[in-house]
Amino acid sequence: MSDPNLLYSSDPVERLKGNLDAVISELGSVRSRVSGASADTQAGWSGDAARELVRGAGEMDAVLGRMIPALENLRELVQMSGQGFTAEEQEQAAQMRAATAGLNQGIAGR
C-alpha cells in the first residue's frame, strides 16, 4: 500500500500557494468593492431593481463568505502537505472535504 501522507515537490506547491493567495486576495477585494458599490447605489435608488440589487449583492456576499474561508483552508492544507499529515491534520482535511461538499451542494442546488 502506498504512503497515505501527501508529499510534494516545493516548486509547484509554492506556485499553488501563491495562486491561492492571489485568488483569496482578489475575491476579498471584489467582495469589498461590490459591497461598497451596492451600499452607494442603495442610498439613491428604490423600487424593484433596487431590491434585486440588494438581493443579488447579499447572495454574492454569502457565497464569497463561504468560498474565501474554504480557499484559505485549502491553502493551509497545501502548506501542511510539505511535512506529511498528522492524525489531527487528517481530521482537518476530512472536515475540509465535508465543508467543500456542502458548499458544492449549496451552489449546485440553486
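Numerical summary
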quantity: The range 42-82, accessible area per residue, ligands and nucleic acids excluded (1.4 Å, Å²); calculated: 58 Å²
quantity: Whole-percent carbon and sulfur share, accessible surface of the range 24-78, 1.4 Å; calculated: 56 percent
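The values are calculated or read from the model by the stated rules, or taken from the named source; none is laboratory data. Model, not experiment: these values are computed from the prediction. We work out accessible area using only protein heavy atoms, side chains counted, and drop any ligands, DNA or RNA first. Shrake-Rupley method; radii C 1.70, N 1.55, O 1.52, S 1.80 Å.
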